[in-house]
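Colleague: Sharing a structure below in structure tokens format, with a few things to ask.
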Amino acid sequence: MCGIVGAVAKYNVVPVLVDGLKRLEYRGYDSAGIAILNQKNVLERIRTKGKVVELESRISDAVSGNLGIAHTRWATHGEPNEVNAHPHVCKNTVSVVHNGIIENHEQLREQQQKAGFKFTSGTDTEVIAHEVYAWHVDKDLPLYDAVLETLKNLEGAYALGIISVKEPGRLIAARSGSPLVIGISDEGYFIASDVAALLPVTRRFIFLEDGDVADITTDSYKIFDADGKPVERPVTESKLSADAADKGHYRHYMLKEIFEQPNAVTDTLEGRVSRGRVLEEAFGTKAGEIFDKVQGVHIIACGTSYHSGLIAKYWLESLAGIPCSVEVASEFRYRKPIVRKNSLIVTISQSGETADTLAGLREAKRLGFGHSLAICNVPESSLVRESDLTLMTHAGPEIGVASTKAFTTQLVALMLLVIVLGRRHNLDADTEADLVKQLLSIPRKIDEVLKLDEKIKAISEQFANKHHALFLGRGTHYPVAMEGALKLKEISYIHAEAYPAGELKHGPLALVDEDMPVIAVAPNNELLEKLKSNLQEVSARGGKLIVFADTDVDVKATENVQVLEMAPVEDAVSPIIHTIPLQLLSYHVAVLKGTDIDQPRNLAKSVTVE
């Protein structure tokens with residue numbers, strides 16, 4: 001959600017800024033812009049609605065400078081258009097890029113209008129530019145000091161990059177609630193909302209902490225904490241390569257990431273199991289001591305990560321014998337939950353910067369819920385830094401907005417958690433060894449499902465003119481159905497709902513007709529006969545069924561029932577395997593619909609604001 005790139009260097013930074021914006025496109029955006037302090041010490045700003053490639057086409061070879069900021073915007077305040085695009089400028093002197101939301105912007109806007117400032121946009125960000133100008137120019141403060149005074153008046157979340165024509169060699173960065181990193185090279189310094197933006201120019205990064213303000217010049221940088229005290233933040237060497245986010249020979253990032261899942265699962269398991277046993281040290285040095293006290297689990301997550309948490313609830317209660325509750329983060333933080341002693345707070349997030357999940361973690365800690373564990377794909381993220389324990393998924397960069405490999409690796413990580421907690425309660429050594437064996441078999445079984453790609457592509461043609469779809473599942477496969485419905489609606493814009501199959505008679509059956517496909521997940525488990533009865537209810541009413549079933553499941557293909565057979569899979573890991581065909585189905589339907597698969601409308605990859 002929104003992307004920031006900034007640079008102050010010994011060479012022309014325009015190519016770095018534009019390339020950085022391209023590398024941040026996966027975050028989701030609707031407009032883009034760049035502001036450069038050129039060789040004549042004049043601020044040049046170019047903005048456009050739409051894609052970065054359109055912005056690039058508007059930047060002439062004559063636009064050049066050693067200091068600049070750039071931005072991709074995902075609209076919150078103000079509609080998506082060129083006027084509202086960042087960077088914002090005040091009186092051709094101060095320019096600002098901003099991620100986050102300024103909650104008191106209306107109050108500030110009113111004050112600034114009375115002071116004579118003219119507004120050219122409907123954004124909350126423009127008040128920052130005016131505020132900095134007032135302190136920097138009208139009151140003649142150095143840029144760094146002007147930013148500090150401005151921050152005192154801001155309420156909300158922000159990551160900021162600020163430049164001024166009065167100080168041509170200086171870039172100010174500030175962070176509160178939204179992620180921001182500093183990139184370090186021998187030729188200059190850079191800022192970005194994600195390390196991926198800067199990998200071509202550096203692999204050395206500093207991750208700013210909440211409240212940090214950085215004063216950056218061509219030759220040096222200084223970082224000050226929320227109290228204004230100078231601090232040293234560690235320099236981290238990124239292991240990502242500059243081409244880690246390339247599509248390769250795949251048409252879309254999403255398809256590439258679906259096919260990367262066998263390797264992603266293998267990487268997530270690597271070094272965490274040995275001789276049929278999960279190594280709990282993978283969760284942290286204090287894991288054993290913390291897990292010994294755990295009497296319950298409270299999972300907080302959003303979107304796809306919430307669905308992985310729902311599956312984990314079944315596992316934790318049925319396999320480990322531990323009570324578990326799962327909450328949507330945006331709801332948890334605004335209700336009054338009852339604190340349970342000796343609960344483990346588990347937060348799940350691909351990016352580790354999801355605003356509601358972070359806020360949920362902080363609220364749980366404030367209330368005294370207990371120790372916390374983050375399951376995350378980004379080791380330097382806020383969620384990881386603020387949790388007692390962490391278990392990193394090793395999915396690698398996930399560029400497509402619709403999460404795929406992040407989901408399956410989260411499930412693998414959650415099963416590891418189920419095992420280490422379960423051995424303290426219901427799980428014996430033989431059962432643990434069997435579960436580990438099932439986990440190790442997942443990459444091969446995903447490979448087998450991926451071989452069904454062409455058959456699933458053929459099935460997708462039935463959705464070309466459809467506007468609604470219903471997904472059904474039972475037990476652990478009900479959240480799988482929820483995830484399948486989410487994927488279809490995210491990237492194809494088809495309205496899709498998921499229901500427990502047993503709930504059909506309680507309302508959803510009224511929707512069934514020949515124009516609404518019904519997709520069911522049918523593994524061979526103890527709920528199979530119940531599910532088959534539910535499917536008969538659909539078929540008897542003329543509904544068109546598409547059933548993803550194990551080969552040893554006796555579901556007959558008829559005029560109204562289409563069956564795609566999958567190799568049988570053990571019950572525990574079945575939700576992971578049965579997710580794959582639903583991902584492929586959604587992808588191929590979206591291709592037919594001609595949508596923007598990797599960057600679907602109105603959505604962002606990393607939701608860093610409420």
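The values are calculated or read from the model by the stated rules, or taken from the named source; none is laboratory data. What you see is a predicted model, and the numbers here were worked out from it, not measured in a lab. Please note: Cβ atoms are built from the backbone with ideal geometry, for glycine as well, and neighbour counts cover all protein chains shown. Surface accessibility is based on the protein's heavy atoms, side chains included, excluding ligands, DNA and RNA. Shrake-Rupley method; radii C 1.70, N 1.55, O 1.52, S 1.80 Å.
Colleague: Return the residue satisfying two criteria in turn: it lies in region 567-609 and is at pLDDT 90 or above and of a type in the set (Gly, Ala, Ser), and of such residues it is farthest from Glu448 (Cα to Cα).
Modeller: Going through the qualifying residues, I end up with Gly594.
Colleague: Name, by its number, the condition in (1) under 21 Å from Ala75 (Cα atoms); (2) among the small types (Gly, Ala, Ser); (3) open to solvent by 50 Å² or more (accessible area, probe 1.4 Å) that does not hold for Ala115.
Modeller: Among (1) under 21 Å from Ala75 (Cα atoms); (2) among the small types (Gly, Ala, Ser); (3) open to solvent by 50 Å² or more (accessible area, probe 1.4 Å), Ala115 violates only (1).
Colleague: Also: Report yes if Asp388 is open to solvent by 40 Å² or more (accessible area, probe 1.4 Å) and touching a strand residue (DSSP E or B) at 6+ places or on another chain (Cβ under 6 Å), otherwise no.
Modeller: On the way: open to solvent by 40 Å² or more (accessible area, probe 1.4 Å): yes; touching a strand residue (DSSP E or B) at 6+ places or on another chain (Cβ under 6 Å): yes.
Criteria met by Asp388.
Colleague: Just one of Gly352, Gly400, Gly396 is surrounded by fewer than 24 Cβ atoms within 10 Å (Cβ to Cβ) and under 30 Å from Lys247 (Cβ atoms); which is it?
Modeller: Numbers: Gly352 fails: surrounded by fewer than 24 Cβ atoms within 10 Å (Cβ to Cβ); Gly400 fails: surrounded by fewer than 24 Cβ atoms within 10 Å (Cβ to Cβ).
Residue meeting the stated conditions: Gly396.
Colleague: Name the pairs whose Cβ atoms lie under 9 Å apart, with the first residue in region 324-343 and free of Cβ contacts under 8 Å to residues at least 60 places away in the same chain, the second open to solvent by 60 Å² or more (accessible area, probe 1.4 Å) and outside any loop (DSSP other than H, G, I, E, B), and 6 or more positions between them or separate chains?
Modeller: Every condition considered, the pairs that remain are Cys324/Lys313; Cys324/Tyr314; Cys324/Glu317; Ser325/Lys313; Val326/Lys313; Arg333/Arg362.
Colleague: Hey, any hits in region 137-147 for a residue that's part of a loop (DSSP other than H, G, I, E, B), touching a residue at least 24 places away in the same chain (Cβ under 8 Å) and hydrophobic (A, V, I, L, M, F, W, C)? Break it down stepwise before answering.
Modeller: Restricting attention to region 137-147, the residues satisfying the condition of being part of a loop (DSSP other than H, G, I, E, B) are 139-142.
Okay, now just the ones that are also touching a residue at least 24 places away in the same chain (Cβ under 8 Å), so 142.
With the extra rule that they be hydrophobic (A, V, I, L, M, F, W, C), the set shrinks to none.
Checking region 137-147: not a single residue is part of a loop (DSSP other than H, G, I, E, B), touching a residue at least 24 places away in the same chain (Cβ under 8 Å) and hydrophobic (A, V, I, L, M, F, W, C).
Colleague: Can you find, within region 118-136, the residue that is surrounded by the fewest Cβ atoms within 10 Å (Cβ to Cβ) among those that are among the charged types (D, E, K, R) and part of a helix (DSSP H, G or I)?
Modeller: Restricting to residues being among the charged types (D, E, K, R) and part of a helix (DSSP H, G or I), the top hit is Glu131.
Colleague: A follow-up question, please. Give me the residue from region 371-385 that is in contact with a strand residue (DSSP E or B) (Cβ under 6 Å, 6 or more places away or on another chain) and not in a loop (DSSP other than H, G, I, E, B) and, out of that set, most open to solvent (accessible area, probe 1.4 Å).
Modeller: That would be Val384.
Colleague: Go through Leu383, Leu411, Leu417, Leu421 for me and flag whichever is in contact with a helix residue (DSSP H, G or I) (Cβ under 9 Å, 6 or more places away or on another chain), without any contact (Cβ under 8 Å) to a residue 40 or more places away in the chain and at negative phi. Let's see the steps before the verdict.
Modeller: Working: Leu411 fails: without any contact (Cβ under 8 Å) to a residue 40 or more places away in the chain; Leu417 fails: without any contact (Cβ under 8 Å) to a residue 40 or more places away in the chain; Leu421 fails: without any contact (Cβ under 8 Å) to a residue 40 or more places away in the chain.
Result of the check over Leu383, Leu411, Leu417, Leu421: Leu383.
Colleague: Kindly indicate the residue of region 148-176 that is touching a strand residue (DSSP E or B) at 6+ places or on another chain (Cβ under 7 Å) and assigned to a helix (DSSP H, G or I) and also most open to solvent (accessible area, probe 1.4 Å) among those meeting that condition.
Modeller: Selected residue: Leu148.
Colleague: Considering region 65-105 alone, what residues qualify as being under 20 Å from Thr218 (Cβ atoms) and open to solvent by 30 Å² or more (accessible area, probe 1.4 Å)?
Modeller: Scanning region 65-105 gives a single hit, Asn66.
Colleague: Restricting attention to region 305-344, report how many residues are open to solvent by 20 Å² or more (accessible area, probe 1.4 Å), among the aromatic types (Phe, Trp, Tyr) and not in a loop (DSSP other than H, G, I, E, B). Let's see the steps before the verdict.
Modeller: Here is the first cut: in region 305-344, the ones open to solvent by 20 Å² or more (accessible area, probe 1.4 Å) are 306, 310, 313-314, 317-319, 321, 323, 325-328, 330-331, 333-336, 338-342.
Retained after the next criterion (residues that are among the aromatic types (Phe, Trp, Tyr)): 306, 314, 334.
Right, trim to not in a loop (DSSP other than H, G, I, E, B) and you get 306, 314.
Residues that pass the stated criteria total 2.
Colleague: Still on this model: Go through (1) more than 18 Å from Asn12 (Cα to Cα); (2) under 27 Å from the mean Cα position of the chain (by Cα); (3) among the β-branched types (Val, Ile, Thr); (4) open to solvent by 10 Å² or more (accessible area, probe 1.4 Å) for Ile184 and report which single condition fails.
Modeller: (1)
Colleague: Also, I was wondering about something else. Given the criteria in a helix (DSSP H, G or I), free of Cβ contacts under 8 Å to residues at least 60 places away in the same chain and charged (D, E, K, R), does Glu289 qualify? Write out each step before concluding.
Modeller: Values: in a helix (DSSP H, G or I): yes; free of Cβ contacts under 8 Å to residues at least 60 places away in the same chain: yes; charged (D, E, K, R): yes.
Yes; evaluated as a whole, the condition is true for this residue.
Colleague: Taking region 7-60 only, how many residues are in contact (Cβ under 8 Å) with a residue 40 or more places away in the chain, open to solvent by less than 70 Å² (accessible area, probe 1.4 Å) and not aromatic (Phe, Trp, Tyr)?
Modeller: Going through region 7-60 one residue at a time, the tally reaches 28.
Yes or no, residue by residue, for (1) over 22 Å from the mean Cα position of the chain (by Cα); (2) in a helix (DSSP H, G or I):
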{"residue": "Ala7", "(1), (2)": "yes, no"}
{"residue": "Asn12", "(1), (2)": "yes, no"}
{"residue": "Leu17", "(1), (2)": "yes, yes"}
{"residue": "Ala35", "(1), (2)": "yes, no"}
{"residue": "Ala62", "(1), (2)": "yes, no"}
{"residue": "His71", "(1), (2)": "no, no"}
{"residue": "Glu82", "(1), (2)": "yes, no"}
{"residue": "Val89", "(1), (2)": "yes, no"}
{"residue": "Ser95", "(1), (2)": "yes, no"}
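Condition check ((1) assigned to a helix (DSSP H, G or I); (2) at pLDDT 90 or above) across all residues:
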| site | (1), (2) |
| --- | --- |
| Val480 | yes, yes |
| Glu483 | yes, yes |
| Glu490 | yes, yes |
| Ala498 | no, yes |
| Leu509 | yes, no |
| Val518 | no, no |
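Colleague: Is it the case that Lys457 is more than 16 Å from Met516 (Cβ to Cβ), among the basic types (Lys, Arg), open to solvent by 10 Å² or more (accessible area, probe 1.4 Å) and part of a helix (DSSP H, G or I)? Steps first, please.
Modeller: On the way: more than 16 Å from Met516 (Cβ to Cβ): yes; among the basic types (Lys, Arg): yes; open to solvent by 10 Å² or more (accessible area, probe 1.4 Å): yes; part of a helix (DSSP H, G or I): yes.
Considered against the rule, which asks whether it is more than 16 Å from Met516 (Cβ to Cβ), among the basic types (Lys, Arg), open to solvent by 10 Å² or more (accessible area, probe 1.4 Å) and part of a helix (DSSP H, G or I), Lys457 comes out as yes.
Colleague: From Tyr499, Tyr493, which residue is open to solvent by 20 Å² or more (accessible area, probe 1.4 Å) and in contact with a Phe, Trp or Tyr (Cβ under 9 Å, 6 or more places away or on another chain)? Lay out the reasoning, then the answer.
Modeller: Numbers: Tyr493 fails: in contact with a Phe, Trp or Tyr (Cβ under 9 Å, 6 or more places away or on another chain).
Result: Tyr499 is the single residue among Tyr499, Tyr493 that is open to solvent by 20 Å² or more (accessible area, probe 1.4 Å) and in contact with a Phe, Trp or Tyr (Cβ under 9 Å, 6 or more places away or on another chain).
Colleague: Which one of these does Phe259 not meet: (1) in contact (Cβ under 8 Å) with a residue 40 or more places away in the chain; (2) touching a Gly at 6+ places or on another chain (Cβ under 8 Å)?
Modeller: (2)
Colleague: Can you spot a residue in region 173-193 that is under 27 Å from His136 (Cα atoms) and acidic (Asp, Glu)?
Modeller: no
Colleague: Could you tell me which residue of region 419-434 is nearest to Ala287 (Cα to Cα), considering only residues that are in a helix (DSSP H, G or I) and either small (Gly, Ala, Ser) or open to solvent by 10 Å² or more (accessible area, probe 1.4 Å) (or both)? Steps first, answer last, please.
Modeller: First, the residues of region 419-434 that are in a helix (DSSP H, G or I): 419-422, 429-434.
When the remaining residues are screened for being either small (Gly, Ala, Ser) or open to solvent by 10 Å² or more (accessible area, probe 1.4 Å) (or both), the result is 422, 429-431, 433-434.
Values: Gly422: 14, Ala429: 19, Asp430: 22, Thr431: 21, Ala433: 20, Asp434: 23 Å.
Top of the filtered list is Gly422.
Colleague: Within region 192-252, considering only strands (runs of 3 or more DSSP E) that don't extend past its boundaries, which have at least 3 residues that are open to solvent by 20 Å² or more (accessible area, probe 1.4 Å) and under 26 Å from Pro168 (Cβ atoms)?
Modeller: Details: elements: 204-207, 213-217, 221-224, 235-237.
Counting at least 3 such residues, we get 221-224.
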